[in-house]
Amino acid sequence: MKNLVLLISGRGSNLQSILQAEREQGWGVHVRGVISNRADAGGLDIARAYGVPTQVLAHTDFPNREAFDRALADALDALEPDVIALCGFMRVLGSAFVERFAGRLVNIHPSLLPAFTGLHTHARALEEGVKWHGATVHLVSSALDHGPILAQAAVPVLDGDTVETLAARVLLEEHRIYPPVVRALLEGRVQIDGLRTRIQPRESAP
Ligand code: GRF
């Protein structure tokens with residue numbers, strides 16, 4: 001059975017969408033744990049409600065990024081993850097960490113990458129006046145928000161949108177596109193060729 005671990009920092013709505021899909025669809029995987037870098041992350045309660053073991057690894061307890069990354073890597077190794085899904089995990093991971101878990105780290109980012117890497121994506125999309133915005137699921141590489149794209153969803157930017165209304169429209173799409181990609185990774189249905197990827201449908205999976 002494949003092992004899934006999820007990393008969070010906050011609210012945990014993407015975490016919930018994945019746990020709910022796994023439960024409803026019966027993925028046949030072992031959800032080994034949820035690790036948060038913040039003790040007050042709301043997602044920890046969601047994990048507990050689904051009966052998933054939780055751990056808090058506070059980045060503030062470590063002298064620098066490398067020390068935190070090493071502790072996180074050790075905590076992950078103990079859980080033997082086949083896939084590590086970042087669900088609103090707000091720490092940049094160093095290249096040694098990313099290389100150690102290469103191909104197993106997946107993230108969701110609230111923009112149509114490669115537009116709007118980094119933070120405050122919805123405010124920046126409104127400022128730039130784009131007519132379409134959205135979300136991207138991508139593999140994590142050492143270039144921030146630049147790993148191979150696995151799925152995207154676009155939403156229109158409407159007259160009168162605020163950061164809140166736009167973020168809410170994007171978030172609905174996040175919850176729709178992230179779980180099937182996590183499942184595909186766990187089932188080995190993702191092919192990668194440079195930055196181009198292809199996800200085999202379940203029916204034709206070997
Ligand atoms: C989401 O918008 C996600 O794309 C971004 O952080 C937010 C996390 O929200 N990386 P949640 O904790 O999953 O509700």
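The values are calculated or read from the model by the stated rules, or taken from the named source; none is laboratory data. As the structure is a computational prediction, the values presented were derived from the model and not from experiment. FYI the Cβ positions are ideal-geometry reconstructions off the backbone, even for glycines, and counts take in every protein chain you see. All accessible areas refer to the heavy atoms of the entire protein, side chains included, with ligands and DNA or RNA removed. Shrake-Rupley method; radii C 1.70, N 1.55, O 1.52, S 1.80 Å.
Could you work out what % of the accessible surface of the chain is carbon and sulfur, using a 1.4 angstrom probe and leaving DNA, RNA and ligands out of the count? Walk me through the intermediate numbers first.
On the way: 5250 of 10230 Å².
With neighbouring chains kept in place, the figure for the chain is 51 percent.
Just to be sure I understand: of the beta bridges DSSP finds with both ends in the range 3-204, what percent are antiparallel, rounded to 5?
Values: 15 of 32 bridges.
In the range 3-204, DSSP labels about 45 percent of beta bridges as antiparallel.
Please compute the length gained on full extension between D61 and A153, using 0.36 nm multiplied by the number of residues separating them and subtracting their Cα-Cα distance. Don't skip to the answer; put the middle values down first.
Details: separation 92, 0.36 × 92 = 33.12 nm, distance 3.68 nm.
In short, 29.4 nm is gained.
Per residue, how many Å² of accessible area does the range 3-204 show with a 1.4 Å probe? Working shown, then result.
Values: 9780 Å² over 202 residues.
Ligands and nucleic acids excluded, the figure is 48 Å² per residue.
Using alpha carbon centroids, what distance separates the range 136-163 and the range 59-98, in Å?
22
So what's the range 1-106 giving for Rg/Rh, alpha carbon basis, Kirkwood Rh from the mean inverse pair distance?
Working: Rg = 13.0 Å, Rh = 13.8 Å.
On the Cα set of the range 1-106, Rg over Rh gives 0.95.
With +1 assigned to the C-beta of every Lys and Arg and -1 to the C-beta of every Asp and Glu, and no other charges, what is the dipole magnitude of the range 35-77 about the Cα centre in debye, to the nearest 20?
Numbers: 4 positive and 7 negative charges, 21 e Å.
Using Cβ point charges on Lys, Arg, Asp and Glu, the range 35-77 gives about 100 debye.
Above 31 angstrom, tally the Cα pairs of the chain and express them as a % of all pairs, no decimals. It would help to have the intermediate numbers written out before the result.
Working: 3402 of 21115 pairs.
When all Cα pairs of the chain are counted, 16 percent exceed 31 Å.
Where Lys and Arg each count +1 and Asp and Glu each count -1, what net charge lies around G10 among other residues with Cβ under 13 Å from its Cβ?
On the way: positive: R11, R38, R91; negative: D40, D45.
With Lys, Arg at +1 and Asp, Glu at -1, the net is +1.
At 7 Å along the Cα-to-beta-carbon direction for both A168 and L126, put a label point, then send me their distance in nm to one decimal.
Simple spin-label model gives 1.3 nm for this pair.
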